[in-house]
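Here the structure comes first, spelled out in structure tokens, and everything after it is commentary.
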Amino acid sequence: MSHVTAKAFTPKTEVSREGEVGLSPVEVRRVEGRQFEKVNEIIQKYGRDPSELVTILQEVQKEYRYLPEEIMTYIATALGIPPSKVFGVATFYAQFSLEPQGRYVIRMCDGTACHVRGSQLVLKSMRKKLGLKPGEKTTKDLQFTLETVSCLGACGLAPVVMVNDKIYGQMTPEKAARLLDELMAETAGEAGERREAK
């Protein structure tokens, strides 16, 4: 048998001739008892059914705000499918992220209607306000992720920004700055409440 080492755990993961991945019972108990408890709940919820892979990945991403490599490897192990299948699905669909996402995921539409009405100016002002350098999508404090998308389907409100699941239309650089100020104030207020509770 060949061995593949997964980043999340130092023990070897065995791969059979059929391509199935498995952990020894000791490794599974160690992993299940630690950081994968919520993942196990999600996998059990869908009966360890490989045909539910997309739904499982959606729920895991909702929990972690992205799909960590070690968790995808663990999902493959738990479902009895090759890790390449999990990674293939995760990289095929644009809804999945392999990098940590901020608490607020901001999607700036850059479709034709939004582009013509100034989406690039809005995007530039948001990048500046968030302190994102070229190539960066997520703030260092993991509060904000800023990305562009081809279309949000709200062309009549162009230019459009979506924060998590809420649409904001007719954006200008000034409106975008106010929106970010509100989100930052909300985050700061919650942080203060947590400090007071301690």
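Nothing in this text is a laboratory measurement; each read-out follows from the coordinates by a stated rule. All values derive from a computational prediction rather than experimental measurement. FYI the Cβ positions are ideal-geometry reconstructions off the backbone, even for glycines, and counts take in every protein chain you see.
Brief remarks on what is shown
- Pairs beyond 27 Å (Cα-Cα), from Lys38/Lys128; Lys85/Lys124; Lys133/Lys166; Lys38/Lys129: Lys38/Lys128; Lys85/Lys124; Lys38/Lys129
- In terms of surrounding Cβ atoms within a 10 Å radius of their Cβ, Ile106, Ile42 rank from fewest to most as Ile42, Ile106.
- The mean sequence separation of alpha-carbon pairs under 8 Å and at least six residues apart, normalised by the residue count of region 104-197, gives a relative contact order of 36 percent.
- If R0 is 35 Å, the Cβ-Cβ spacing of Gln44 and Lys140 corresponds to a FRET efficiency of close to 0.50.
- Residues within the reach of a label modelled at Leu121 (point 7 angstrom out along Cα to beta-carbon, backbone nitrogen below 17 Å), restricted to region 173-191, are 173-179.
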